[in-house]
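Heads up: the structure comes next, in structure tokens.
The values are calculated or read from the model by the stated rules, or taken from the named source; none is laboratory data. Small disclaimer: the values here were computed from a predicted structure and weren't measured. Reconstructed Cβ throughout: ideal geometry from the backbone, glycine too, with neighbour counts over all protein chains shown. Accessible surface areas use protein heavy atoms only, side chains included; no ligands, DNA or RNA. Shrake-Rupley method; radii C 1.70, N 1.55, O 1.52, S 1.80 Å.
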Amino acid sequence: MKKPSTEDKRVLAATIVGTSIEWYDYLIYAQSAALIFGPLFFTPATRSDPDVGQIFSLATIGIAFLFRPLGAVICGYLGDRFGRRAMLVITLTLIGSATGLIGLLPTYASIGIWAPILLILLRILQGFSAGGEWGGAALLAVEHAPPSRRTSFGAFPQAGVPIGLLIATGAMLAVSASFDSVQMLAYGWRIPFLFSIVLTVTGWVIRQRVEESPVFKALQSRRLESKAPLREVFKSHFRLIWQSALICVGNSAAGYLFLAFTISYGQSVLNLPVGQLLSCSIAACLLWLVSTFASGWIGDRIGAARTLQIGYLLLALWAVPMWLLIDTATISSFLCALLVLAIPLGLSYGPQAAVLANLFPAEVRYSGISTGYALGSILGGAFAPTIAQAIMSRYHHSFGIGIYIAVFALISLAAVTVSQTTSKAHLEDTVR
């Protein structure tokens, strides 16, 4: 295979650094909502019933997802009209600003009901910017890729999730080790949010150096950019948007349970030490990162869609046994459950960029994959932690959570299979 050029390497660095920062911002919020925000921002509900306060806190994770389609639509429109690169800089700046402001936000004890209101507004801004971020990063990577390397190039922005989680978990572990519980609730939780400012500036500098996608340049030179990409994508490709969403739901549901629920479950239900739980999460993230890059290598050889099918089949098979193993309530079993989960998570996530990009023509591709991915995140991941918490509150057993994830994995498996028979292989028509 041809080695990546200097510009290709710069593009891959920009996509992985940018999405890692974006997901750090997103995930530090998810972990804080699971571990801290209940008593800080939803104080009356927490005092009345800790489970209700926890559900309110976890629900704010899902609220952002409701605004991801809006971000996908607006940023997708601008990306299809004016280019992928500019939108990547804008979305990174927006999500970094929202995260930094959360770190400065007064709590309920200081300003009462305004605290959760402002928290939710900043969370909405995070969701909006995240809705436009992924599509641009995925397209910049895939559209720069040689035909034989599209899945492995597309895996780079996908790797931002485990990398972002590694940084977020490491930051949370560091502040947890540095402060006691009183100090953590008083001010320690703010540090990881404020650290996002440093990361955002770094990512902004790197992304400024990247050239525009060669596909978009070719469209401009041939004057093929859609005059109304939003209208075109919804009029002619609406079915493909929903197909893209269903391809993503299984991984989104399982991924967000991993990101925002398992640690909370291990702490509140199994009474395991938070530090050890966070260490287990870091170890699993490392394997998730390896399996994501491995999925790109495998996808270049057997096909991106086939790799996704393997990942979703393994995810469906492991969903129930995983929770049975976790419920043995030992750190070793908790670690084993997450390590095994990390393998199908990577295999069912790494190839998504290549598979989704292949479904849409280039002139509406940013709008199409961004909207489909955002809808998949809502359907699969938006309220997955909240639903899992509700299942536990109702049935007091995690078996139902496993069934819930298995069903979503099978839905995505079916959607990938259907895409193989309906795809028109639009990337094969891409002009390099």
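Within the option set PHE128, PHE193, PHE156, being at pLDDT 85 or above, under 20 Å from ILE63 (Cβ atoms) and under 16 Å from the mean Cα position of the chain (by Cα) holds for one residue only, PHE128. Just a yes or no: is a residue in segment 177-188 open to solvent by 10 Å² or more (accessible area, probe 1.4 Å), within 19 Å of ILE16 (Cα to Cα) and not charged (D, E, K, R)? No; the residues of segment 177-188 include none that is open to solvent by 10 Å² or more (accessible area, probe 1.4 Å), within 19 Å of ILE16 (Cα to Cα) and not charged (D, E, K, R).
Mind checking which residues of segment 36-49 are part of a helix (DSSP H, G or I), in contact with a Ser or Thr (Cβ under 7 Å, 6 or more places away or on another chain) and in contact (Cβ under 8 Å) with a residue 24 or more places away in the chain? Within segment 36-49, PHE37, PRO39, LEU40, PHE41 qualify. GLY346 falls short on exactly one of the conditions (1) open to solvent by 10 Å² or more (accessible area, probe 1.4 Å); (2) within 20 Å of ALA138 (Cβ to Cβ); (3) at pLDDT 95 or above; (4) not aromatic (Phe, Trp, Tyr), and that condition is (1).
Among the candidates SER148, SER176, which residue alone is over 26 Å from SER97 (Cβ atoms) and modelled with pLDDT under 85?
Numbers: SER176 fails: over 26 Å from SER97 (Cβ atoms).
Going through SER148, SER176 in turn, just one is over 26 Å from SER97 (Cβ atoms) and modelled with pLDDT under 85: SER148.
Is it true that SER279 is crowded, with 22+ Cβ neighbours inside 10 Å and either at negative phi or assigned to a helix (DSSP H, G or I) (or both)? Can you show your working first?
Working: crowded, with 22+ Cβ neighbours inside 10 Å: no; either at negative phi or assigned to a helix (DSSP H, G or I) (or both): yes.
For SER279, the condition - crowded, with 22+ Cβ neighbours inside 10 Å and either at negative phi or assigned to a helix (DSSP H, G or I) (or both) - is not met.
What residue, among those in segment 359-408 that are assigned to a helix (DSSP H, G or I) and among the aromatic types (Phe, Trp, Tyr), is least open to solvent (accessible area, probe 1.4 Å)? Can you show your working first?
Residues of segment 359-408 that are assigned to a helix (DSSP H, G or I), as a first pass: 362-382, 384-395, 399-408.
If we keep only those that are among the aromatic types (Phe, Trp, Tyr) as well, we get 366, 373, 395, 399, 404, 408.
On the way: TYR366: 0, TYR373: 16, TYR395: 148, PHE399: 96, TYR404: 32, PHE408: 43 Å².
Among those that are assigned to a helix (DSSP H, G or I) and among the aromatic types (Phe, Trp, Tyr), it is TYR366.
If you check ARG47 against the conditions, is it at pLDDT 80 or above, over 22 Å from THR202 (Cβ atoms), open to solvent by less than 20 Å² (accessible area, probe 1.4 Å) and of a type in the set (Lys, Arg)? Spell out the reasoning first.
On the way: at pLDDT 80 or above: yes; over 22 Å from THR202 (Cβ atoms): yes; open to solvent by less than 20 Å² (accessible area, probe 1.4 Å): no; of a type in the set (Lys, Arg): yes.
So ARG47 fails the test.
Which of the residues that make up segment 90-115 are of a type outside the set (Ser, Thr, Tyr), open to solvent by 10 Å² or more (accessible area, probe 1.4 Å) and assigned to a helix (DSSP H, G or I)? Selection gives ILE90, LEU94, LEU101, ALA109, ILE111, TRP114. Here is the figure for segment 62-78: residues that are open to solvent by less than 10 Å² (accessible area, probe 1.4 Å) and either aromatic (Phe, Trp, Tyr) or not in a helix (DSSP H, G or I) (or both) total 1.
Restricting the first member to segment 277-290 and to residues that are more than 20 Å from GLY154 (Cβ to Cβ) and touching a residue at least 24 places away in the same chain (Cβ under 8 Å), and the second to residues that are open to solvent by 10 Å² or more (accessible area, probe 1.4 Å) and not in a helix (DSSP H, G or I), the beta-carbon pairs closer than 9 Å and six or more apart or on different chains are LEU277/LEU270; CYS280/LEU272.
For SER213, are the conditions met, namely being more than 30 Å from SER178 (Cβ to Cβ), buried (at least 21 other Cβ atoms within 10 Å of the Cβ), hydroxyl-bearing (Ser, Thr, Tyr) and modelled with pLDDT of 60 or more? Talk me through it step by step, then tell me what you get.
Details: more than 30 Å from SER178 (Cβ to Cβ): yes; buried (at least 21 other Cβ atoms within 10 Å of the Cβ): yes; hydroxyl-bearing (Ser, Thr, Tyr): yes; modelled with pLDDT of 60 or more: yes.
When the stated conditions are applied, SER213 passes them.
Here ALA305 fulfils each of the conditions (1) hydrophobic (A, V, I, L, M, F, W, C); (2) closer than 28 Å to ALA283 by Cβ; (3) more than 17 Å from the chain's Cα centre (by Cα); (4) surrounded by fewer than 24 Cβ atoms within 10 Å (Cβ to Cβ) apart from (2). Which one of LEU289, LEU246 is over 22 Å from TYR404 (Cβ atoms), at pLDDT 90 or above and open to solvent by 20 Å² or more (accessible area, probe 1.4 Å)? Going through LEU289, LEU246 in turn, just one is over 22 Å from TYR404 (Cβ atoms), at pLDDT 90 or above and open to solvent by 20 Å² or more (accessible area, probe 1.4 Å): LEU289. Looking at segment 50-59, is at least one residue touching a residue at least 12 places away in the same chain (Cβ under 8 Å), touching a Pro at 6+ places or on another chain (Cβ under 9 Å) and not in a helix (DSSP H, G or I)? No.
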